[in-house]
1. How do the helices (runs of 4 or more DSSP H) wholly within segment A:37-115 filter down when requiring 2 or more residues that are within 20 Å of A:GLY317 (Cβ to Cβ) and within 14 Å of chain B (Cβ to nearest Cβ): which remain?
2. Being open to solvent by 10 Å² or more (accessible area, probe 1.4 Å) and among the aliphatic types (A, V, I, L, M) is the filter here; which residues of segment B:74-89 pass it?
3. Only one of these is touching a residue at least 24 places away in the same chain (Cβ under 8 Å), assigned by TED's automatic domain parsing to the domain that holds A:PRO309 and open to solvent by less than 70 Å² (accessible area, probe 1.4 Å): A:LEU253, A:LEU231. Name it.
4. What about B:LEU223, is it among the hydrophobic types (A, V, I, L, M, F, W, C), within 14 Å of another protein chain (Cβ to nearest Cβ), surrounded by 23 or more Cβ atoms within 10 Å (Cβ to Cβ) and under 30 Å from B:MET120 (Cβ atoms)?
5. Which one of these is away from chain A (no Cβ under 14 Å) and under 30 Å from A:VAL286 (Cβ atoms): B:LEU218, B:LEU231?
6. Anything in segment B:15-48 that is within 14 Å of chain A (Cβ to nearest Cβ) and open to solvent by less than 70 Å² (accessible area, probe 1.4 Å)? List them, or say none.
7. Among the candidates B:LEU156, B:LEU135, B:LEU170, which residue alone is away from chain A (no Cβ under 14 Å) and at pLDDT 90 or above?
Amino acid sequence: MTHRKKPWILGVYLAALLAGCAQKQNSSQLTIWHWMSDREDTLQELAGRYETATGIPVRFELFAPSEAYSQKVKAAAQTNTLPDVFGVLGEKRDLASFILSGHVANIAEEINDQEGAWRKLLFEKPLLMNEFDAGNGYGVPVGTYGVPLDVMNIQFLYNKDLFRQAGLDPNKPPVTWRDFLAANAKLKEKGIQGLVSGWGEIWLIECLASNFAWNIMGQDKILATLKGKVLYTDSDWVRVLKLFQEMRDQGALAEGVVTMINKRAEQIFANGQAAFAMNGSWCVNVYHGMNPSLDYGVMLPPRVSNTYPQVIWGGAGSNFMVNAKSVRKEQAAAFLKWLTAKEQQVYLATQTRNLPSNREALVDLPPILAEFVNDMDRTVHPSLMPLAEFPLVTEAMTKGIQSILIGEKTPEELAAQVQAVKDRELEKQMAQR
Amino acid sequence: MYSVTQYRAKRFGLKLVMQLFCAGVAATCLFPLFWMAASSLKTQETVFSDFSLLPSNPQWLNYVNAWTKGGFGVYFLNSIFYSTVVVVGIVLISSLAAYAFARLRFPGRQFFFILFLATMMIPIPGAFIALYVLLNKLGLINTHWGYILPQINGGLALSIFLLKTFFEKLPKDLEDSARIDGCTKWGIYWHLAMPLAKPAIAVVVIFNVLAVWNEYLLAMLVLTDKELMPLQRGLMVFQGAHITQYPLLMAGMTISVIPIVVVYLLMQRYIIEGITAGAIKG
């Protein structure tokens, strides 16, 4: 008999174990979801400091990778179970849909309080990525819907040791397009690979093409293209595409760059296997981890034209939003204000080697990060444009550039193809109206 | 016309080619494991510059760091618990269902079986949001059950398919004899069919242990408490959006692979028997 009872005893034990597993949350505790696994320890430390200072416990909950995090946030939004603070990954239209569904609190009042004291501390453009002004195309009420935890921009990096090996001056990186190609020719003579970047992730191609376009034709002409008033077959756009063809023809690109993911590109540059890289400011931490003795510098993408200023992509590295349905939203906003204050931002920047979102926290930065900071005012981002290109057009452009890089298409052919996609999208838009 | 020597030489040659081919396949399977183990003993700086499989300065501390930084103590026990409960659940439910599909006659038998098979076409990630909504309504978010039940559900279709095929091949005469001896339907299932199905059950166990042990996305969706998370969550700590701590990640992966290898070695005999006995024949 005793033998027969055993499974039931086990069953009762399991049921008791499983029943007592629901989370009991402290009512004053702030819960924050994030995906930044490489900043976990730093964020936990800051949570402890905040509790010590205010008595309010903060719980950072990590969900990585970012794809899994995005799924979790979307699912939680559908069931109104979002935490007090969270981040929305994706484009501005994704943030807009969360706002329109009532999940993101407008913190404009807090950020503009005391004559905008909080606002003035932060870099302007990354903050703008979380703001919607009157008449925005998304139908979002005017307001501020998030704050950046850190900022970033994307530039070129060059390896000073490889420059020396090729007889180039390591303190004079190429400035113009001609300089860049000439430097590549010298590097090639010494068997050194040129530019490496994760162009398998096509957004990096879009980034460089956009840099060239801003430099060649300026904002007004780009906006006119977005409106459909300038064609992609215009000579300036063809010139943008020809720059990629030139890089291919001159052998200025590292092997396999077209299909390379950025993590691989980072390994190649960090190990001194390519002279140039195109990467975001987060790379400082990455390269430090892979090769602390890497001697490299930061440079703007080569200037193609003197007509318009050079720009680089940049903005917020990561943003935090307050849950509009949280009963602790005031406390959540207060925590974000504390998190973006100078002391915490200095700590974050020091520990994670990322650019702080607080301008006053730009102290004791590693020299290489300081070089990135110097160009923050040059940053642009598609999210900050009053108009957005049709996703299919952007896709046709970036994938088409990959085709140019492998010699499948000419710039003229691609320009015509992109314009055809644009025409179709415009027609669809007209039909919908 | 071949002489015996020529015949033997040809046979030897063929055998050699076959052996070389098999050795090549084995090497391609084993190399990633060796690379993982070797990388786990390197530093972040040398992992992509030192390509030797036996590092000159092995960093054994990586294992200690992976265990402590990744919080493996809790996660390891959690994974053992989840794997046990899920696999026991799957074996119990799927064997009952498979036996019913194989031996009992009831209306809609074929229809329901195909319906079960159809669920194999829907991967869990494809139903994440719907699943989250359902679990939330049932109050199962961030609970053990919320993580266990979907996995039992997800593992049923393949297991039922494997076991049904096996049960169908059992000689009916055996069951008739048991029935004559006064055995009930339950008795036949429990005392006759289940012991005979050990090889097929071994296949079901190993497939599902592997799936549960390596599961991560569902855990991310359903669980929020670190204390409830499985082992794979510990590995994610080393894999950031920008930074991956490869040596610690590889050390963690090596640790996480060990139990699976042990389970496989323990059940190896049954698995091979199960496969050769037709457990996975269509």
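The values are calculated or read from the model by the stated rules, or taken from the named source; none is laboratory data. These numbers were taken from a predicted model, which means no experiment stands behind them. Positions of Cβ are generated from backbone atoms using ideal geometry, with glycine treated the same way; all protein chains shown enter the neighbour counts. The accessibility values were calculated without ligands, DNA or RNA, using every heavy atom of the protein model including side chains. Shrake-Rupley method; radii C 1.70, N 1.55, O 1.52, S 1.80 Å.
1. Numbers: elements: A:40-54, A:66-78, A:92-100.
Per the criteria, A:40-54, A:66-78.
2. Listed by number, the residues that qualify are B:VAL74, B:LEU77, B:ILE80, B:VAL85, B:VAL87, B:VAL88.
3. Numbers: A:LEU231 fails: open to solvent by less than 70 Å² (accessible area, probe 1.4 Å).
From the options A:LEU253, A:LEU231, the qualifying one is A:LEU253.
4. Values: among the hydrophobic types (A, V, I, L, M, F, W, C): yes; within 14 Å of another protein chain (Cβ to nearest Cβ): yes; surrounded by 23 or more Cβ atoms within 10 Å (Cβ to Cβ): yes; under 30 Å from B:MET120 (Cβ atoms): yes.
For B:LEU223, the condition - among the hydrophobic types (A, V, I, L, M, F, W, C), within 14 Å of another protein chain (Cβ to nearest Cβ), surrounded by 23 or more Cβ atoms within 10 Å (Cβ to Cβ) and under 30 Å from B:MET120 (Cβ atoms) - is met.
5. Details: B:LEU218 fails: away from chain A (no Cβ under 14 Å).
Of the residues listed, the single one that is away from chain A (no Cβ under 14 Å) and under 30 Å from A:VAL286 (Cβ atoms) is B:LEU231.
6. In the first step, residues of segment B:15-48 are kept if they are within 14 Å of chain A (Cβ to nearest Cβ); the result is B:39, B:42-48.
B:SER39, B:LYS42, B:THR43, B:GLN44, B:THR46, B:VAL47, B:PHE48, listed by residue number.
7. Numbers: B:LEU135 fails: away from chain A (no Cβ under 14 Å); B:LEU170 fails: at pLDDT 90 or above.
After ruling out the rest, the residue left standing is B:LEU156.
Residues are listed down the side, and each one gets a yes or a no for (1) farther than 14 Å from A:VAL393 by Cβ; (2) in contact with a helix residue (DSSP H, G or I) (Cβ under 6 Å, 6 or more places away or on another chain); (3) part of a helix (DSSP H, G or I):
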{"residue": "A:TRP199", "(1), (2), (3)": "yes, yes, no"}
{"residue": "A:CYS207", "(1), (2), (3)": "yes, no, yes"}
{"residue": "A:ALA213", "(1), (2), (3)": "no, yes, yes"}
{"residue": "A:GLY218", "(1), (2), (3)": "yes, no, yes"}
{"residue": "A:LEU223", "(1), (2), (3)": "yes, no, yes"}
